[in-house]
Amino acid sequence: MTDDLVDLVLQQWQQQKPDLNPAPMAVMGRLVRSAALFDRELQKVFSDFGLNGGEFDVIATLRRSGEPYALTPNQLLQTLMLTSGSMTNRIDRLEEKQLVSRSPDPHDRRGVLVCLTAKGLDIIDRALVQHLAKGEVLLAALDPSEREQLALLLKKLLLSPALQ
């Protein structure tokens, strides 16, 4: 396997600071670079549908919640781990695009439900197909067992106390 940019960074640190072990950078650097590259490539898919990544996340969350494709803003917040201000902005933009609507929550007189519109349902169903196809392209360098192993290792990392 050929060297990548992270290998160069590690070599430079080993030369400049031989008293330190830069090994954690091998994983951290590749995770950060991979995330940035994945974001860039996935944004191309989202923009084909007039969305950004955050908007895709909201309508995808509504879609996977099942019929009637409606959640409270608090339920969306918990799923997407956002601040309430960020969530409000996303919902406002999606409402302007007529992809979601707000309606009274029948279980809470003061509450509201964010509902996926028919247009939103159509967009997310089409965007999801392209999203998964792009994922296949991005992960083509890994065979199915490597993908499974990587997914489990990333899950272990995300569940570690250091990231909680």
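The values are calculated or read from the model by the stated rules, or taken from the named source; none is laboratory data. What you see is a predicted model, and the numbers here were worked out from it, not measured in a lab. For neighbour counting, all protein chains shown are included, and Cβ atoms are generated from backbone atoms with ideal geometry for every residue, glycine included.
Quick notes on this one:
- Per-region count, segment 45-68, residues free of Cβ contacts under 8 Å to residues at least 24 places away in the same chain and over 17 Å from Leu132 (Cα atoms): 3
- Check on Leu8, in a helix (DSSP H, G or I) and in contact with a strand residue (DSSP E or B) (Cβ under 8 Å, 6 or more places away or on another chain): no
- The set of residues in segment 77-111 being of a type in the set (Val, Ile, Thr) and surrounded by 11 or more Cβ atoms within 10 Å (Cβ to Cβ) consists of Thr79, Thr88, Ile91, Val100.
So that you can scan it fast, the table gives a plain yes or no per residue for (1) more than 23 Å from Ala151 (Cβ to Cβ); (2) in contact with a helix residue (DSSP H, G or I) (Cβ under 7 Å, 6 or more places away or on another chain); (3) among the aliphatic types (A, V, I, L, M):
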| residue | (1), (2), (3) |
| --- | --- |
| Asp7 | yes, no, no |
| Leu10 | yes, yes, yes |
| Asn21 | yes, no, no |
| Pro24 | no, no, no |
| Arg30 | no, yes, no |
| Leu37 | no, no, yes |
| Leu42 | no, yes, yes |
| Phe46 | no, yes, no |
| Asn52 | yes, yes, no |
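- When each of Glu41, Glu67 is tested for being assigned to a loop (DSSP other than H, G, I, E, B) and either within 30 Å of His107 (Cβ to Cβ) or touching a Lys or Arg at 6+ places or on another chain (Cβ under 9 Å) (or both), the lone residue that passes is Glu67.
- Members of segment 88-116 found to be of a type in the set (Ser, Thr, Tyr) and over 22 Å from the mean Cα position of the chain (by Cα), listed by number: Ser101, Ser103
- Filter result (touching a residue at least 40 places away in the same chain (Cβ under 8 Å) and of a type in the set (A, V, I, L, M)) within segment 69-93: Ala70, Leu71
- When segment 44-64 is filtered for residues that are assigned to a loop (DSSP other than H, G, I, E, B) and surrounded by 12 or more Cβ atoms within 10 Å (Cβ to Cβ), the ones remaining, listed by number, are Phe49, Leu51, Asn52.
- Qualifying residue in segment 115-130 (condition: modelled with pLDDT of 95 or more and in contact with a Ser or Thr (Cβ under 7 Å, 6 or more places away or on another chain)): yes
- Contact annotation: residue pairs with Cβ atoms under 7 Å, 6 or more positions apart or on different chains, pairing a residue in segment 122-141 that is of a type in the set (S, T, N, Q) with a partner that is part of a helix (DSSP H, G or I) and at pLDDT 95 or above, are Gln130/Val45; Gln130/Asp48.
- Pair list, Cβ < 7 Å and 6+ apart or interchain, from segment 94-114 residues that are on the phi > 0 side of the Ramachandran plot to residues that are of a type in the set (S, T, N, Q) and at pLDDT 95 or above: Gln98/Thr117
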